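Have a look at the structure below before the remarks.
The values are calculated or read from the model by the stated rules, or taken from the named source; none is laboratory data. As the structure is a prediction and not an experimental result, all values here were calculated from the model. With ideal geometry, Cβ positions are generated from the backbone for all residues, glycine too; neighbour counts draw on all protein chains shown. For accessibility, only protein heavy atoms count, side chains too; no ligands or nucleic acids. Shrake-Rupley method; radii C 1.70, N 1.55, O 1.52, S 1.80 Å.
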Amino acid sequence: MVTRPNDAKYVDGKEILVTDTDERTSEIPEVERIIVRFAGDSGDGMQLTGDRFTAASALFGNDLATLPEYPAEIRAPAGTLAGVSAFQVHIADHDINTPGDSPSVLVAMNPAALKADLPKVVEHGTLIINSDAFDERNLKKAGYESNPLEDGSLAGYQVITAPMTELTKEACKDLGVKPRDAERSKNFFALGMVSWLYSRPTKGTYDWIEQKFKGKDLVIAANMAAFKAGDVYAENADLWASRRVVRPAKLDPGTYTNINGNTALSWGLIAASKQAGIPLFLGSYPITPATDILHELAKHKNFGVRTFQAEDEIAGVGSALGASYGGHIGVTTTSGPGLALKAETIGLAVSLELPLVIVDVQRGGPSTGLPTKTEASDLMIALHGRHGEAPLPVVASSTPADCFFAAIEAVRIAVEYHTPVILLSDGYLGNGTEPWRLPSVDDLPPIKVEYLTEPNNVGVEGAPDFMPYLRDETLTRPWILPGTPGLAHRIGGIEKDDTGNISYDPENHERMVRTRDAHIAKIAESIPPIVPRGDVDADVLVLGWGSTRGAITAAVGRMRRKGRKMAQIHLRHLNPYPPNLAELIKSYDKVIVPEMNLGQLAHELRAEFLIDIKSITKIMGQPFTPAELVERIEGAIDD
Amino acid sequence: MTETITTTRKDWVSNQEVRWCPGCGDYGILMAVQMAMTEIGSDPDKTAFVSGIGCAARFPYYMNTYGMHSIHGRSPAIASGLALARPDLDVWVVGGDGDMLSIGGNHLIHAMRRNVNLTILLFNNRIYGLTKGQYSPTSEEGKITKSSPMGSIDHPFNPISLVLGAEASFVGRTHDMDRKHMIDMFKRAHDHKGSSVVEIFQNCNVFNNGAYGDITSNDRREEMIIDLHDGEPIRFGHDGSHGVIIDHGVAKIVETADVGVDALTVHHHDNPDPSVAFALSRLASNPDAPTPMGVFRSVERPVYGDVLEAQLEKATADKGPGDLNTLLHSLPTWEVG
Ligand code: SF4
């Protein structure tokens, strides 16, 4: 029997929508959610398989969240624990926020995958295993003394085995595909089995295989045959008792797409360029996990997007700054190590007061750290990681789809206030997906752009004069494009006065430093006050930022359903804070801040507001699960 | 490129006081650049100078144009972004040997390789001036400076060899004692489409005085400077007494009378094969031997910005101008009623 995930009850406060969308599912027991984890060797195509299962589920109407996890090496040694690549997807018939606590189903393509991921699986969970891979060599590589399929160690689980490799080869034998090549399609056999077990419609997958492998007829034939064979195998192997269906979720009406954060962020930048009416320039150097933004933007030159693959991180930000000087929206994308390299140029942008957007898709650090794993440990470097007094706005995205809106907000601040802005995403948001109800293009926020084209000052004897650093009421200096007749001027990183010319005057320096600081602080006036979610009479506030939003929302929801009064705030703006944050944060007895670092925001809030903060931290390269957050928030409350 | 207009040198002089040491070679270069601008017919408002850090990098402040004094070494990268965003501008880059060849070496070579439309002036005084006299990447081995009291151990770059190796499409050399030659080089570098670099032998009279005295002083020029002229045999010295031949790929100085004029190598700066230019660049790595001046190489190659703009146009022609709503619906979608 397949067990229902042990915490399913806590999220069923919502009405379950039952519609007969697929006849095949009519007699199959329904579950509210399943969490499937596909795990295999990094060469086994697990990301593709997981992706496809996700797409089929999205089109079926489930709500979902995904978590791809892959090794840092392109091909880590085959068969070893280090080489395990996994893709976890949480599908549900209701609104969900995270890729789930523990998988209820593990697809293990080899012993290493089983060994690495079995501890994550729920009690009595389902294991779907490629028995062909459990030979002596592979068992040894995974560190098994005896074969877990035979030694009874999996007794607590629902184990479904299939000789996937052999059956795939068999299915392909008349297609003219070489057995070695046929073997590669075994992930589609697994997908076929899982699709049958969880009643996914199959047509979409057939269409997708044809599209994806267009021009490679043998590959199409092999993948189709393997997929069908898996489907048939599951049906014939008497797995009816294990079969489940997850009904479509009741989501707000609209058109949905399944989106990952890096794509959403790229589209957000394009949308911002449209809203501002100025072209987008991306200067970027490839780095995991940010590179997909470069890939995505490079595809959209018909939007006037110029992408420049620079020789290094420094040239990435330098070229973006040069483009901003020329009147484009200069953007650079990177991850932690790259942000460190860009620091000096970002400081120059602070001094020049030019728009610039720096996107940091954070990963585990320091140094190369955990390049393919997620972490949110770049908050401090974003806020403070420059020499001198160099304040700048920092905004963070909180879900994959939210990356779209966070990008628009980052561009808005950059071009309306003429400042570099750091936009923080992370590997989990960048690669993770969620269904996104597409916004109406007409509802996107406007972005105001002004260039100075006439002298802005009156000089001696009333003659028109011009001051590049003369500020408006928001303390913003004008944006003056090179080429503007009559306004030629010089800017630079040396301290200057309002004329833009070099000034070493001590009083002027202090005035400029304080003015730049006040200028950034003033941005708060353009940020709407933040409204906490949850109980009005709560005494506990859980405050988060970044990709913890899903897990915090789920955890707070569960605790509130158990009767605990709680409030939740999730910060988009980390500098400056929303204008009412000080007042708000002081109105709770306990403020708990979960973070995927050693407590960086907690540290900031303590310093800023002089209040005690309970910090909950996790730094394992993996997001919080709601279940562990519930436990740790309870601990922090009792503390 | 912009339409040509008529200006005088004064139109190019900013209101900023020039603050190089008295006697610095930079003064002469500034004057020559301003004069070249009037001859080119550039518009000061359509011209931008981008620099890094160093004595030379103060240059933009003294030009009555748009300008950015940026950070050490990064000017080619910043200027690349500006030039790509604004093909309508004339973008010049100014820096010294420390700025461009040491901390910014990577950006310089990649700007060359890409052929972004930039005119790069490389002031080579073979010393760190602004930090008060350390050996630079072009200082000769054994040079005694504050950071090399027993003599520099570093082998120097030959900047011309370096940029030729970096696929530069225009490479020239001039020196601060010959205004006419400088103006000519600057004009030709400017008119070249793509990345052009001009190495300028520049005297730092405070920390490396006379570095080029052996070749640039009036009485030595004739025998020590090899003027390169396109389409002409490479000759120098009194009445062309000496010349250059390329022997098994190596440039050699010969007496013209010994080999005959017809045997001398004829200079073709548009030679698609850079190896002759490279051989010429190897003639002197220290300014104590006859040294070629002029255009080493000037070849046509696709300009990065032109190709980028063509891709934008093609993408727009093929797919139509970008429509945000279509983009948002470009992945599989489903309706929830
Ligand atoms: S230190 Fe040398 S290069 Fe610098 S301004 Fe003085 S003379 Fe010129």
Quick one: length gained pulling A:Asp135 to A:Arg533 fully straight, 0.36 nm per residue minus the C-alpha distance? 138.0 nm
Going residue by residue through segment A:355-363, the Karplus relation 6.51 cos²θ - 1.76 cosθ + 1.60 with θ = phi - 60° gives ³J(HN,Hα) values, rounded to whole Hz and with x marking Gly or Pro, of x, 6, 10, 10, 9, 10, 8, 5, 9
Whole-percent carbon and sulfur share, accessible surface of segment A:506-606, 1.4 Å: 49
Around B:Gly237: net Lys/Arg minus Asp/Glu count, Cβ-Cβ under 14 Å: -4
Residues of segment A:536-570 with amide N under 12 Å of a point placed 7 Å along Cα→Cβ from A:Arg606: none
Nearest 500 deg cm²/dmol is fine: what mean residue ellipticity at 222 nm does the protein assembly as shown get from its DSSP H runs of n ≥ 4 alone, each adding -39,500 (n - 2.57), divided by its residue count? -10000 deg cm²/dmol
Rank-order A:262-273, A:57-68 by packing density, defined as the average count of other C-beta atoms within 10 Å over each peptide's residues, highest first. A:262-273, A:57-68
Among A:Val556, A:Leu541, A:Ala636 the positive-end extreme of the charge dipole of segment A:533-638 (Cβ point charges): A:Val556
About its Cα centre, how strong a charge dipole does segment A:112-209 have in debye, to the nearest 20, once Lys and Arg get +1 and Asp and Glu get -1 at the Cβ? 380
Suppose we flag trypsin sites (Lys or Arg not before Pro) only when DSSP calls them loop and at most 13 other Cβ atoms lie within 10 Å. Which is the longest uninterrupted stretch of chain A? A:217-447
Under 18 Å from the 7 Å Cα→Cβ point of A:Asp252, by amide nitrogen: which residues of segment A:563-587? A:570, A:572
Along the positive direction of the dipole of the protein assembly as shown (beta-carbon charges: Lys, Arg +1; Asp, Glu -1; about the Cα centre), which of A:Ala249, A:Leu610, B:Val244 reaches farthest? A:Ala249
Net charge dipole size for the protein assembly as shown [Lys, Arg +1 and Asp, Glu -1 on Cβ; Debye, nearest 20]: 1120
Peptide B:178-190, shielding by other chains (average Cβ, 10 Å cutoff): 0
How compact is chain B by the rule of thumb for globular proteins, expressed as Cα Rg over 2.2 N^0.38 Å? 1.11
Can you give the average number of partner chain beta-carbon atoms within 10 Å of each beta-carbon in peptide A:341-352, as a whole number? 2
Principal-axis tilt of helix A:626-638 within chain A, Cα atoms, nearest 10 degrees: 60
Residues B:Asn286 and A:Glu450, FRET efficiency given R0 of 45 Å [Cβ-Cβ distance, rounded to 0.05]: 0.25
Starting at the first residue of segment A:301-317, write each ³J(HN,Hα) from the Karplus equation 6.51 cos²θ - 1.76 cosθ + 1.60 with θ = phi - 60°, in whole Hz, x for Gly and Pro. 5, 6, 8, x, 7, 9, 10, 10, 7, 7, 6, 6, 4, 5, 5, x, 6
Checking the a/c ratio against 1.5 first, then a/b against b/c, what shape does the Cα gyration tensor give for segment A:28-242? rounded
What does the charge dipole of segment A:450-526 about its Cα centre add up to, to the nearest 20 debye, if the Cβ of each Lys and Arg holds +1 and the Cβ of each Asp and Glu holds -1? 260
Plugging the Kirkwood radius over Cα pairs into Stokes-Einstein for segment B:115-161, at a temperature of 20 °C and a viscosity of 1.002 mPa s, what D comes out in µm²/s? 182
At 7 Å along the Cα-to-beta-carbon direction for both A:Lys178 and B:Ser217, put a label point, then send me their distance in nm to one decimal. 7.5
Rounded to a whole number, the Stokes-Einstein D of segment A:93-188 in µm²/s (Kirkwood radius over Cα pairs; 4 °C; 1.567 mPa s) is 88
What are the ³J(HN,Hα) couplings of segment A:166-175, residue after residue, when phi is run through the Karplus curve with 6.51, -1.76, 1.60 and θ = phi - 60°? Round to Hz, x for glycine and proline. 5, 5, 5, 4, 4, 5, 9, 5, 9, 8
Solvent-accessible area buried by A and B, counting both chains, probe 1.4 angstrom, square angstrom: 5400
Exposure ranking of A:Tyr577, A:Tyr504 by accessible area [1.4 Å probe, largest first]: A:Tyr504, A:Tyr577
Among the residues of segment B:69-98, which ones have their accessible area go down by 20 Å² or more when all the protein chains sit together, as opposed to their chain alone (1.4 Å probe)? B:His69, B:Ile71, B:Arg74, B:Ala77, B:Ile78, B:Gly81, B:Leu82, B:Leu84, B:Ala85, B:Arg86
Could you check what % of the DSSP bridge pairs in segment A:256-443 are antiparallel, to the nearest 5? 20
Residues whose placed amide H lies under 5 Å from that of B:Arg126, excluding near-sequence neighbours: B:Asp97
May I ask which residue of A:Leu239, B:Gly231, B:Met68 lies farthest towards the positive end of the charge dipole of the protein assembly as shown, with charges of +1 (Lys, Arg) and -1 (Asp, Glu) on Cβ and the Cα centre as origin? A:Leu239
In terms of modelled amide H atoms, which long-range or inter-chain residues lie less than 5 Å from the amide H of A:Thr617? A:Glu595
Kirkwood hydrodynamic radius for segment A:144-247: how many Å is it when counted over pairs of different Cα atoms? 14.7
FRET efficiency for B:Lys193 and B:Asp230, using Cβ-Cβ distance with R0 set to 25 Å, rounded to 0.05: 0.90
Net lengthening on full extension, A:Val159/A:Asn457 (0.36 nm per residue, minus Cα-Cα): 99.4 nm
Starting from the Cα of B:Asn325, step 7 Å along the direction of its Cβ; do the same at B:Val307; then give the gap between the two resulting points in nm. 3.7
Is there a simple number for the mean count of other chain Cβ atoms within 10 Å of the Cβ of residues in A:434-442, and what is it? 3
Mind checking which aspartates and glutamates have their C-alpha under 16 Å from B:Lys187, skipping anything on the same chain fewer than 8 residues away? B:Glu3, B:Glu39, B:Asp43, B:Asp90, B:Asp176, B:Asp178, B:Glu199, B:Asp230
Determine by what factor the alpha-carbon radius of gyration of chain A differs from 2.2 N^0.38 Å, reporting the quotient. 1.05
